[in-house]
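First up is the structure itself, then whatever we jot down about it.
Taken together, the values in this text are just the output of simple stated rules run on the coordinates, not laboratory data. Computed from a predicted model, the values in this text were never measured in an experiment. Here Cβ is always computed from backbone atoms with ideal geometry, including for glycine, and neighbour counts include all displayed protein chains.
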Amino acid sequence: MKTKYKIIPLLFHWLFVGCDLVDNKLLIVNKSNSNIYIDYSCDSILTNVDFIRNGLYFDSITNDSIYVEETLYIKANSSKHLIERGYNEWSRYLEKCNNNLYLFVFSDSIVNKYSSKEMLRNKYEKRIRISLNELKEKNWTITYP
């Protein structure tokens, strides 16, 4: 009977709080003096730049403006964990990518100067290729530059 009472609060927690698992083990450390944006792909050629630029956005539905900071934006001399939804999802993502991940680093000035279409034409500062084994050896930490 006591076990039943221990399970009930746990069920309420799952029901009302949720259980949206994320994998945030991939850490990008920006040791440069510039703000950067990161994009990643399974391919060595970037075919889509989906990140949202930082800034003030107007929502026509609510008639309100909000400031948005992109999740792939990393301030100078700081770090950020990149998130994939799901348990151990980064390992699964890399397995789908033949165990290689390509990171594309864009400086803040490039993102603010060029359109997304123009950025696809090799406007990145650096392309980093890293394997699953290398990530494990580096404890899922990538340092730029």
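Couplings 3J(HN,Hα) for the range 70-80, derived from phi with the Karplus relation 6.51 cos²θ - 1.76 cosθ + 1.60 (θ = phi - 60°), are 5, 6, 9, 9, 10, 5, 4, 6, 9, 9, 8 Hz, where x marks Gly and Pro. 3J(HN,Hα) along the range 104-120: 10, 9, 10, 6, 4, 5, 5, 4, 7, 8, 10, 6, 4, 4, 5, 5, 5 Hz, from the Karplus curve 6.51 cos²θ - 1.76 cosθ + 1.60 with θ = phi - 60°, whole Hz, x for Gly and Pro. The relative contact order of the range 81-145 comes to 35 percent, based on Cα pairs under 8 Å that sit 6 or more residues apart.
For ASN100, what is the net charge nearby, where nearby means another residue's Cβ is under 11 Å from its Cβ and Lys, Arg count +1, Asp, Glu -1? After counting each charged neighbour, the total is -1. Each Lys or Arg adds one and each Asp or Glu takes one away; over the other residues whose Cβ falls under 12 Å from the Cβ of LEU82, this sums to -2.
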